1. Could you grab me the full set of residues in the range 15-26 that are within 27 Å of Lys61 (Cβ to Cβ), at pLDDT below 90 and either touching an Asp or Glu at 6+ places or on another chain (Cβ under 7 Å) or in a helix (DSSP H, G or I) (or both)?
2. State which residue pairs qualify: first residue closer than 16 Å to Lys61 by Cβ and inside the range 94-108, second residue aliphatic (A, V, I, L, M) and in a helix (DSSP H, G or I) in any location, beta carbons under 8 Å apart, and separation of 6 or more residues or different chains.
3. Going through Leu48, Leu29, Leu38 one at a time, which residue ends up being touching a helix residue (DSSP H, G or I) at 6+ places or on another chain (Cβ under 8 Å), surrounded by 11 or more Cβ atoms within 10 Å (Cβ to Cβ), free of Cβ contacts under 8 Å to residues at least 60 places away in the same chain and not in a helix (DSSP H, G or I)?
4. Give the number of residues within the range 69-94 that are at pLDDT 70 or above, surrounded by 12 or more Cβ atoms within 10 Å (Cβ to Cβ) and either β-branched (Val, Ile, Thr) or within 25 Å of the chain's Cα centre (by Cα) (or both).
5. Restricting the range 27-55 to residues that are of a type in the set (D, E, K, R) and modelled with pLDDT under 90, which is farthest from Leu65 (Cα to Cα)?
6. Restricting to the range 43-64, name every residue that is touching an Asp or Glu at 6+ places or on another chain (Cβ under 9 Å) and more than 17 Å from Ile103 (Cα to Cα).
Amino acid sequence: MRQVKKMARKTLKNIVLILTMRCDEASRLLSHCQEAPLGGAEKCALSLHLMICRMCRKYKKQLKLMRELFSRLRHPGFYDEAASSLLDQERSRAMRARISKKIRENLD
C-alpha cells in the first residue's frame, strides 16, 4: 500500500510539472539537456511547453546555434581561415556577410 501511495505521489508530481512549467524552468532544462538526457516527465513537460511558448523555442534555437559555433572553434582550420580573411579585406567582408546570413537563418 505504501508503495502505491509513493507511486501515485510521484505520478501526480509529474503531471503538475507537465501542466505548470514556467519559462525559467524550461530554459534551465534546455541548458541541462545539452549536457545530459532528461527524464521522461521533464522531457514531456519541456516538449509541451515548447509547443506553446515561442520565446523558449527561440531560446532553444539560439542555444543550438551557439553550440554549433563553439564546436567549430575547436577545429584548427577555423583559425587559419579566419586569420587569412582578416588579411584580405574583401574576403573578410564576404565572410561577415555569410556569418550574418547564417545567424539570421538560424534565428528565424
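1. Across the range 15-26, the qualifying residues are Leu17, Ile18, Leu19, Thr20.
2. The qualifying pairs are Ile103/Leu65; Asn106/Leu65; Leu107/Leu65.
3. Every option except Leu38 fails the conditions.
4. Number of matching residues: 1.
5. First pass over the range 27-55, keeping only residues of a type in the set (D, E, K, R): 28, 35, 42-43, 54.
Remaining after also requiring modelled with pLDDT under 90: 35, 42-43.
On the way: Glu35: 15, Glu42: 23, Lys43: 21 Å.
Step by step, filter the range 27-55, then rank; the result is Glu42.
6. Scanning the range 43-64 gives Ala45, Leu46, His49.
The values are calculated or read from the model by the stated rules, or taken from the named source; none is laboratory data. Predicted, not measured: the structure shown is a model, and the values here were computed from it. All Cβ positions, glycine included, derive from the backbone under ideal geometry; neighbour counts span all protein chains shown.
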